[in-house]
Protein chains: 2
Amino acid sequence: MVANPERRASLADAGLQVLASAGARGLTHRAIDGAADVPQGTTANYFKTRDELLGALGERVFERLAPDVARLAQLEDRPPGIDLSIAYIEYIVERTTSEPDVMRALFELRLEASRRPGLASILHETLARNFRLDVEFNRQAGLAGGPMEIALLRYAVDGLLFELLTVPMDTGLEPATVVRELVRRVLNGQPTVP
Amino acid sequence: MVANPERRASLADAGLQVLASAGARGLTHRAIDGAADVPQGTTANYFKTRDELLGALGERVFERLAPDVARLAQLEDRPPGIDLSIAYIEYIVERTTSEPDVMRALFELRLEASRRPGLASILHETLARNFRLDVEFNRQAGLAGGPMEIALLRYAVDGLLFELLTVPMDTGLEPATVVRELVRRVLNGQPTVP
(Lines give C-alpha, C1' and ligand atoms only; values in the text may rest on other atoms or scores of the structure.)
Protein backbone atom coordinates (compact mmCIF):
# COMPACT_ATOMS: atom_id res chain seq x y z
CA MET A 1 0.00 0.00 0.00
CA VAL A 2 1.38 3.37 -1.05
CA ALA A 3 1.14 6.03 1.63
CA ASN A 4 -1.16 8.85 0.61
CA PRO A 5 -0.24 12.16 2.26
CA GLU A 6 -3.79 13.52 2.05
CA ARG A 7 -5.25 10.39 3.59
CA ARG A 8 -2.56 10.54 6.29
CA ALA A 9 -3.46 14.16 7.09
CA SER A 10 -7.19 13.44 7.21
CA LEU A 11 -6.61 10.49 9.56
CA ALA A 12 -4.51 12.75 11.78
CA ASP A 13 -7.32 15.32 11.76
CA ALA A 14 -9.79 12.63 12.82
CA GLY A 15 -7.32 11.69 15.56
CA LEU A 16 -7.25 15.27 16.82
CA GLN A 17 -11.08 15.22 16.97
CA VAL A 18 -11.08 12.00 18.98
CA LEU A 19 -8.41 13.38 21.29
CA ALA A 20 -10.49 16.51 21.91
CA SER A 21 -13.69 14.65 22.68
CA ALA A 22 -12.36 11.60 24.52
CA GLY A 23 -8.89 12.55 25.82
CA ALA A 24 -5.67 10.61 25.26
CA ARG A 25 -7.04 7.42 26.80
CA GLY A 26 -9.97 7.33 24.38
CA LEU A 27 -7.68 7.70 21.39
CA THR A 28 -7.16 4.35 19.65
CA HIS A 29 -6.41 3.37 16.06
CA ARG A 30 -9.89 1.87 15.93
CA ALA A 31 -11.63 5.00 17.28
CA ILE A 32 -9.91 7.00 14.52
CA ASP A 33 -11.05 4.53 11.84
CA GLY A 34 -14.57 5.15 13.12
CA ALA A 35 -14.28 8.94 13.28
CA ALA A 36 -12.72 9.09 9.79
CA ASP A 37 -15.28 6.61 8.41
CA VAL A 38 -12.60 4.39 6.83
CA PRO A 39 -12.27 0.58 6.90
CA GLN A 40 -10.99 -0.87 10.15
CA GLY A 41 -7.20 -1.20 10.06
CA THR A 42 -6.64 1.89 7.89
CA THR A 43 -5.20 4.03 10.69
CA ALA A 44 -2.94 1.16 11.78
CA ASN A 45 -1.58 0.98 8.21
CA TYR A 46 -0.48 4.62 8.39
CA PHE A 47 0.68 4.76 12.03
CA LYS A 48 2.17 1.45 13.16
CA THR A 49 2.49 2.10 16.89
CA ARG A 50 0.67 4.22 19.45
CA ASP A 51 3.72 6.45 19.92
CA GLU A 52 3.98 6.95 16.15
CA LEU A 53 0.27 7.83 16.00
CA LEU A 54 0.43 10.31 18.90
CA GLY A 55 3.67 11.81 17.57
CA ALA A 56 2.06 12.30 14.14
CA LEU A 57 -0.84 14.14 15.79
CA GLY A 58 1.73 16.47 17.39
CA GLU A 59 3.22 17.20 13.95
CA ARG A 60 -0.26 17.73 12.54
CA VAL A 61 -1.06 20.35 15.21
CA PHE A 62 1.75 22.54 13.89
CA GLU A 63 0.52 22.10 10.28
CA ARG A 64 -3.03 22.99 11.31
CA LEU A 65 -1.90 26.07 13.25
CA ALA A 66 0.51 27.28 10.54
CA PRO A 67 -0.08 30.90 9.52
CA ASP A 68 -2.10 31.73 6.45
CA VAL A 69 0.22 32.78 3.60
CA ALA A 70 -1.77 35.90 2.69
CA ARG A 71 -1.92 37.12 6.32
CA LEU A 72 1.79 36.49 6.69
CA ALA A 73 2.53 38.51 3.54
CA GLN A 74 0.54 41.45 4.94
CA LEU A 75 2.52 41.31 8.18
CA GLU A 76 5.82 41.06 6.28
CA ASP A 77 5.01 44.31 4.50
CA ARG A 78 4.97 46.22 7.79
CA PRO A 79 8.12 47.88 9.18
CA PRO A 80 9.89 45.86 11.92
CA GLY A 81 9.44 47.16 15.45
CA ILE A 82 7.60 46.46 18.66
CA ASP A 83 4.15 46.91 17.09
CA LEU A 84 4.92 44.27 14.50
CA SER A 85 6.17 41.87 17.21
CA ILE A 86 2.87 42.43 19.02
CA ALA A 87 0.92 41.79 15.80
CA TYR A 88 2.71 38.47 15.23
CA ILE A 89 1.93 37.25 18.75
CA GLU A 90 -1.68 38.46 18.48
CA TYR A 91 -1.96 36.43 15.29
CA ILE A 92 -0.67 33.32 17.13
CA VAL A 93 -3.33 33.81 19.82
CA GLU A 94 -6.00 34.43 17.16
CA ARG A 95 -5.32 31.28 15.19
CA THR A 96 -4.86 28.95 18.14
CA THR A 97 -8.00 30.12 19.94
CA SER A 98 -10.06 29.89 16.74
CA GLU A 99 -9.28 26.15 16.66
CA PRO A 100 -9.37 25.43 20.38
CA ASP A 101 -9.39 21.64 20.04
CA VAL A 102 -6.17 21.64 18.02
CA MET A 103 -4.05 23.51 20.54
CA ARG A 104 -5.67 21.61 23.43
CA ALA A 105 -4.60 18.43 21.67
CA LEU A 106 -0.98 19.56 21.76
CA PHE A 107 -1.23 20.17 25.53
CA GLU A 108 -2.81 16.70 25.95
CA LEU A 109 -0.07 15.09 23.88
CA ARG A 110 2.68 16.82 25.85
CA LEU A 111 1.15 15.60 29.13
CA GLU A 112 0.72 12.09 27.74
CA ALA A 113 4.42 12.19 26.78
CA SER A 114 5.32 12.40 30.48
CA ARG A 115 3.95 8.84 30.70
CA ARG A 116 5.32 7.61 27.33
CA PRO A 117 9.06 7.96 26.66
CA GLY A 118 8.63 6.95 22.99
CA LEU A 119 6.16 9.76 22.43
CA ALA A 120 8.33 12.16 24.44
CA SER A 121 11.23 11.61 22.06
CA ILE A 122 9.08 12.25 18.96
CA LEU A 123 7.47 15.36 20.46
CA HIS A 124 10.81 16.63 21.72
CA GLU A 125 12.06 16.69 18.13
CA THR A 126 8.91 18.46 16.90
CA LEU A 127 8.97 21.10 19.65
CA ALA A 128 12.72 21.75 19.43
CA ARG A 129 12.55 22.15 15.65
CA ASN A 130 9.64 24.58 15.95
CA PHE A 131 11.45 26.60 18.59
CA ARG A 132 14.50 26.92 16.29
CA LEU A 133 12.20 27.93 13.41
CA ASP A 134 10.57 30.61 15.58
CA VAL A 135 13.96 32.07 16.53
CA GLU A 136 15.10 32.03 12.91
CA PHE A 137 11.84 33.53 11.63
CA ASN A 138 12.09 36.36 14.15
CA ARG A 139 15.69 37.08 13.11
CA GLN A 140 14.93 37.04 9.38
CA ALA A 141 11.93 39.32 9.93
CA GLY A 142 14.31 41.85 11.50
CA LEU A 143 12.42 41.73 14.80
CA ALA A 144 13.89 42.32 18.25
CA GLY A 145 14.84 39.38 20.44
CA GLY A 146 16.94 36.22 20.29
CA PRO A 147 16.47 32.75 21.81
CA MET A 148 16.04 34.18 25.35
CA GLU A 149 13.26 36.57 24.37
CA ILE A 150 11.53 34.03 22.11
CA ALA A 151 11.60 31.51 24.98
CA LEU A 152 10.13 34.01 27.48
CA LEU A 153 7.38 34.96 25.03
CA ARG A 154 6.70 31.33 24.20
CA TYR A 155 6.33 30.38 27.87
CA ALA A 156 3.96 33.25 28.60
CA VAL A 157 1.88 32.66 25.47
CA ASP A 158 1.63 28.93 26.32
CA GLY A 159 0.38 29.86 29.80
CA LEU A 160 -2.10 32.38 28.39
CA LEU A 161 -3.38 29.89 25.79
CA PHE A 162 -3.68 27.20 28.43
CA GLU A 163 -5.94 29.52 30.40
CA LEU A 164 -7.97 30.67 27.38
CA LEU A 165 -8.52 27.07 26.27
CA THR A 166 -9.38 25.61 29.69
CA VAL A 167 -10.61 27.49 32.78
CA PRO A 168 -10.40 31.24 33.41
CA MET A 169 -8.67 32.46 36.57
CA ASP A 170 -10.27 35.93 36.40
CA THR A 171 -7.25 38.14 35.96
CA GLY A 172 -9.54 40.87 34.61
CA LEU A 173 -7.26 41.32 31.59
CA GLU A 174 -8.13 41.08 27.91
CA PRO A 175 -5.81 38.75 25.94
CA ALA A 176 -4.81 41.70 23.70
CA THR A 177 -3.68 43.64 26.79
CA VAL A 178 -1.69 40.66 28.05
CA VAL A 179 0.04 40.27 24.68
CA ARG A 180 0.87 43.96 24.37
CA GLU A 181 2.26 44.31 27.90
CA LEU A 182 4.12 41.04 27.64
CA VAL A 183 5.85 41.84 24.37
CA ARG A 184 6.72 45.38 25.45
CA ARG A 185 8.26 44.20 28.69
CA VAL A 186 10.08 41.15 27.37
CA LEU A 187 11.54 43.05 24.41
CA ASN A 188 12.15 46.25 26.37
CA GLY A 189 15.52 47.59 25.28
CA GLN A 190 16.05 44.83 22.71
CA PRO A 191 17.02 46.45 19.39
CA THR A 192 15.31 45.40 16.16
CA VAL A 193 17.74 43.75 13.75
CA PRO A 194 19.07 46.14 11.08
CA MET B 1 -20.88 8.75 58.34
CA VAL B 2 -18.93 11.73 59.64
CA ALA B 3 -16.51 13.17 57.11
CA ASN B 4 -12.92 12.79 58.24
CA PRO B 5 -10.67 15.53 56.81
CA GLU B 6 -7.54 13.37 56.98
CA ARG B 7 -9.21 10.50 55.20
CA ARG B 8 -10.54 12.95 52.63
CA ALA B 9 -7.02 14.31 52.02
CA SER B 10 -5.50 10.84 51.75
CA LEU B 11 -8.17 9.79 49.24
CA ALA B 12 -7.45 12.92 47.22
CA ASP B 13 -3.72 12.09 47.30
CA ALA B 14 -4.48 8.58 46.03
CA GLY B 15 -6.58 10.23 43.29
CA LEU B 16 -3.64 12.41 42.27
CA GLN B 17 -1.50 9.27 41.99
CA VAL B 18 -4.05 7.53 39.79
CA LEU B 19 -4.38 10.64 37.64
CA ALA B 20 -0.60 10.76 37.17
CA SER B 21 -0.26 7.12 36.18
CA ALA B 22 -3.46 6.58 34.22
CA GLY B 23 -4.63 10.03 33.07
CA ALA B 24 -8.07 11.54 33.60
CA ARG B 25 -9.85 8.68 31.84
CA GLY B 26 -8.34 6.09 34.16
CA LEU B 27 -9.44 8.00 37.24
CA THR B 28 -12.54 6.41 38.77
CA HIS B 29 -13.88 6.26 42.32
CA ARG B 30 -13.15 2.54 42.27
CA ALA B 31 -9.54 2.99 41.07
CA ILE B 32 -8.97 5.38 43.98
CA ASP B 33 -10.43 2.89 46.48
CA GLY B 34 -7.87 0.42 45.13
CA ALA B 35 -4.92 2.83 45.21
CA ALA B 36 -5.80 4.01 48.75
CA ASP B 37 -6.41 0.42 49.90
CA VAL B 38 -9.81 1.25 51.41
CA PRO B 39 -13.12 -0.66 51.13
CA GLN B 40 -14.92 -0.25 47.84
CA GLY B 41 -17.37 2.66 48.03
CA THR B 42 -15.25 4.75 50.39
CA THR B 43 -14.22 7.33 47.76
CA ALA B 44 -17.83 7.59 46.57
CA ASN B 45 -18.86 8.41 50.15
CA TYR B 46 -16.50 11.39 50.23
CA PHE B 47 -16.96 12.63 46.66
CA LYS B 48 -20.47 12.02 45.35
CA THR B 49 -19.99 12.87 41.68
CA ARG B 50 -17.15 12.72 39.20
CA ASP B 51 -17.07 16.53 38.97
CA GLU B 52 -16.91 16.82 42.75
CA LEU B 53 -14.07 14.28 42.85
CA LEU B 54 -12.05 16.00 40.11
CA GLY B 55 -12.73 19.41 41.63
CA ALA B 56 -11.50 18.19 45.03
CA LEU B 57 -8.28 16.96 43.41
CA GLY B 58 -7.79 20.48 42.03
CA GLU B 59 -8.16 21.92 45.55
CA ARG B 60 -5.76 19.30 46.89
CA VAL B 61 -3.09 20.28 44.35
CA PHE B 62 -2.94 23.76 45.89
CA GLU B 63 -2.71 22.29 49.42
CA ARG B 64 0.08 19.95 48.33
CA LEU B 65 2.01 22.74 46.63
CA ALA B 66 1.56 25.24 49.47
CA PRO B 67 4.83 26.76 50.69
CA ASP B 68 6.59 25.40 53.74
CA VAL B 69 6.01 27.72 56.73
CA ALA B 70 9.69 27.84 57.75
CA ARG B 71 10.88 28.62 54.21
CA LEU B 72 8.24 31.31 53.92
CA ALA B 73 9.36 32.90 57.20
CA GLN B 74 12.96 33.02 55.91
CA LEU B 75 11.80 34.76 52.74
CA GLU B 76 9.65 37.19 54.71
CA ASP B 77 12.73 38.28 56.66
CA ARG B 78 14.41 39.55 53.50
CA PRO B 79 14.01 43.15 52.31
CA PRO B 80 11.41 43.60 49.53
CA GLY B 81 12.84 44.17 46.06
CA ILE B 82 13.44 42.48 42.76
CA ASP B 83 15.73 39.83 44.23
CA LEU B 84 13.05 38.78 46.69
CA SER B 85 10.45 38.61 43.88
CA ILE B 86 12.86 36.34 42.00
CA ALA B 87 13.36 34.18 45.12
CA TYR B 88 9.59 33.71 45.55
CA ILE B 89 9.16 32.58 41.94
CA GLU B 90 12.21 30.32 42.16
CA TYR B 91 10.61 28.72 45.20
CA ILE B 92 7.39 28.11 43.23
CA VAL B 93 9.41 26.38 40.50
CA GLU B 94 11.35 24.40 43.10
CA ARG B 95 8.33 23.02 44.92
CA THR B 96 6.25 22.25 41.82
CA THR B 97 9.07 20.45 40.01
CA SER B 98 9.97 18.47 43.13
CA GLU B 99 6.44 16.95 43.02
CA PRO B 100 6.03 16.69 39.26
CA ASP B 101 2.92 14.49 39.37
CA VAL B 102 1.00 17.00 41.47
CA MET B 103 1.39 19.96 39.13
CA ARG B 104 0.87 17.72 36.09
CA ALA B 105 -2.41 16.67 37.71
CA LEU B 106 -3.57 20.29 37.78
CA PHE B 107 -2.79 20.66 34.07
CA GLU B 108 -4.72 17.41 33.38
CA LEU B 109 -7.68 18.62 35.42
CA ARG B 110 -7.77 21.97 33.65
CA LEU B 111 -7.79 20.20 30.27
CA GLU B 112 -10.46 17.77 31.43
CA ALA B 113 -12.53 20.80 32.50
CA SER B 114 -12.75 21.87 28.86
CA ARG B 115 -14.87 18.73 28.35
CA ARG B 116 -16.78 18.95 31.69
CA PRO B 117 -18.68 22.18 32.50
CA GLY B 118 -19.36 21.02 36.09
CA LEU B 119 -15.65 20.58 36.75
CA ALA B 120 -14.88 23.84 34.95
CA SER B 121 -17.07 25.76 37.37
CA ILE B 122 -15.41 24.19 40.44
CA LEU B 123 -11.89 24.74 39.08
CA HIS B 124 -12.76 28.27 38.01
CA GLU B 125 -13.52 29.11 41.62
CA THR B 126 -10.30 27.48 42.87
CA LEU B 127 -8.10 29.20 40.29
CA ALA B 128 -9.73 32.62 40.67
CA ARG B 129 -9.41 32.47 44.46
CA ASN B 130 -5.75 31.51 44.21
CA PHE B 131 -5.06 34.30 41.76
CA ARG B 132 -6.61 36.83 44.16
CA LEU B 133 -4.56 35.39 47.03
CA ASP B 134 -1.36 35.70 44.96
CA VAL B 135 -2.07 39.36 44.21
CA GLU B 136 -2.88 40.05 47.87
CA PHE B 137 0.20 38.16 49.13
CA ASN B 138 2.44 40.13 46.79
CA ARG B 139 0.94 43.42 47.99
CA GLN B 140 1.22 42.55 51.67
CA ALA B 141 4.83 41.44 51.18
CA GLY B 142 5.60 44.93 49.85
CA LEU B 143 6.68 43.49 46.49
CA ALA B 144 6.42 45.25 43.13
CA GLY B 145 3.54 44.49 40.79
CA GLY B 146 -0.25 44.36 40.81
CA PRO B 147 -2.77 42.11 39.05
CA MET B 148 -1.27 42.78 35.61
CA GLU B 149 2.27 41.82 36.65
CA ILE B 150 1.11 38.81 38.69
CA ALA B 151 -0.89 37.59 35.67
CA LEU B 152 2.07 37.99 33.28
CA LEU B 153 4.34 36.13 35.70
CA ARG B 154 1.74 33.45 36.29
CA TYR B 155 1.29 32.81 32.55
CA ALA B 156 5.02 32.56 31.93
CA VAL B 157 5.62 30.33 34.96
CA ASP B 158 2.75 28.05 33.87
CA GLY B 159 4.35 27.77 30.42
CA LEU B 160 7.79 27.09 31.90
CA LEU B 161 6.40 24.47 34.30
CA PHE B 162 4.45 22.85 31.50
CA GLU B 163 7.71 22.45 29.60
CA LEU B 164 9.72 21.25 32.62
CA LEU B 165 7.05 18.67 33.49
CA THR B 166 6.47 17.34 29.97
CA VAL B 167 8.79 17.61 26.96
CA PRO B 168 11.78 19.97 26.56
CA MET B 169 11.88 22.26 23.54
CA ASP B 170 15.61 22.93 23.85
CA THR B 171 15.68 26.64 24.52
CA GLY B 172 19.19 26.24 25.95
CA LEU B 173 18.16 28.18 29.08
CA GLU B 174 18.35 27.10 32.70
CA PRO B 175 15.06 27.55 34.61
CA ALA B 176 16.82 29.93 37.04
CA THR B 177 17.85 32.14 34.11
CA VAL B 178 14.32 32.15 32.74
CA VAL B 179 12.90 33.14 36.13
CA ARG B 180 15.45 35.90 36.69
CA GLU B 181 15.02 37.45 33.23
CA LEU B 182 11.28 37.09 33.35
CA VAL B 183 10.84 38.79 36.73
CA ARG B 184 13.27 41.57 35.89
CA ARG B 185 11.53 42.36 32.64
CA VAL B 186 7.94 42.02 33.83
CA LEU B 187 8.57 44.14 36.94
CA ASN B 188 10.88 46.59 35.19
CA GLY B 189 10.00 50.05 36.42
CA GLN B 190 7.35 48.75 38.87
CA PRO B 191 8.02 50.28 42.31
CA THR B 192 8.01 48.10 45.42
CA VAL B 193 5.19 49.00 47.81
CA PRO B 194 6.29 51.28 50.68
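The values are calculated or read from the model by the stated rules, or taken from the named source; none is laboratory data. What you are looking at is a predicted structure, and each value in this text was computed from that prediction instead of being measured. Cβ: placed from backbone, ideal geometry, glycine included. Neighbour counts: every protein chain shown. These accessible areas exclude ligands, DNA and RNA; they are computed on the full protein's heavy atoms, side chains included. Shrake-Rupley method; radii C 1.70, N 1.55, O 1.52, S 1.80 Å.
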| task | Consider residue B:116 carefully, then state whether it is in contact (Cβ under 8 Å) with a residue 40 or more places away in the chain, in contact with an Asp or Glu (Cβ under 7 Å, 6 or more places away or on another chain) and more than 9 Å from chain A (Cβ to nearest Cβ). | result | yes
| said: If the requirement is being open to solvent by less than 10 Å² (accessible area, probe 1.4 Å), in contact with a Lys or Arg (Cβ under 9 Å, 6 or more places away or on another chain) and not hydrophobic (A, V, I, L, M, F, W, C), which of these qualifies: A:159, A:146, A:118? | reply: A:159
| query | Any idea how many residues of the stretch A:173-184 are open to solvent by 20 Å² or more (accessible area, probe 1.4 Å), in contact with a helix residue (DSSP H, G or I) (Cβ under 6 Å, 6 or more places away or on another chain) and not charged (D, E, K, R)? | reply | 2
| field | Meets criteria (within 21 Å of residue A:67 (Cα to Cα), open to solvent by 50 Å² or more (accessible area, probe 1.4 Å) and in a helix (DSSP H, G or I)) for residue A:133 | value | yes
| remark: Of the conditions (1) at pLDDT below 95; (2) more than 23 Å from residue B:166 (Cβ to Cβ), the single one that residue A:17 does not satisfy is (2)
| query | Of the conditions (1) at the interface with chain A (Cβ under 9 Å from one of its Cβ atoms); (2) at pLDDT below 95; (3) assigned to a loop (DSSP other than H, G, I, E, B); (4) surrounded by 15 or more Cβ atoms within 10 Å (Cβ to Cβ), residue B:189 fails just one. Which one is it? | reply | (4)
| Which pairs do you get when a residue that is farther than 24 Å from residue B:97 by Cβ, found in the stretch B:14-31, comes within reach of a residue that is part of a helix (DSSP H, G or I) and of a type in the set (S, T, N, Q), reach meaning Cβ atoms under 8 angstrom, with the pair 6+ apart or on two chains? | B:29/B:43; B:30/B:43
| query | Does residue B:137 qualify as being of a type in the set (Phe, Trp, Tyr) and in contact (Cβ under 8 Å) with a residue 24 or more places away in the chain? | reply | no
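Can you pull out the residues in the stretch B:58-85 that are of a type in the set (S, T, N, Q) and within 29 Å of residue B:6 (Cα to Cα)?
Of the stretch B:58-85, the ones of a type in the set (S, T, N, Q) are B:74, B:85.
Once the filter is applied, which keeps residues that are of a type in the set (S, T, N, Q) and within 29 Å of residue B:6 (Cα to Cα), the stretch B:58-85 yields only B:74.
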| Residue ranges of helices (runs of 4 or more DSSP H) in the stretch A:1-93 with at least 2 members open to solvent by 40 Å² or more (accessible area, probe 1.4 Å), among the hydrophobic types (A, V, I, L, M, F, W, C) and out of contact with any Leu (no Cβ under 9 Å at 6 or more places or on another chain) | A:69-76
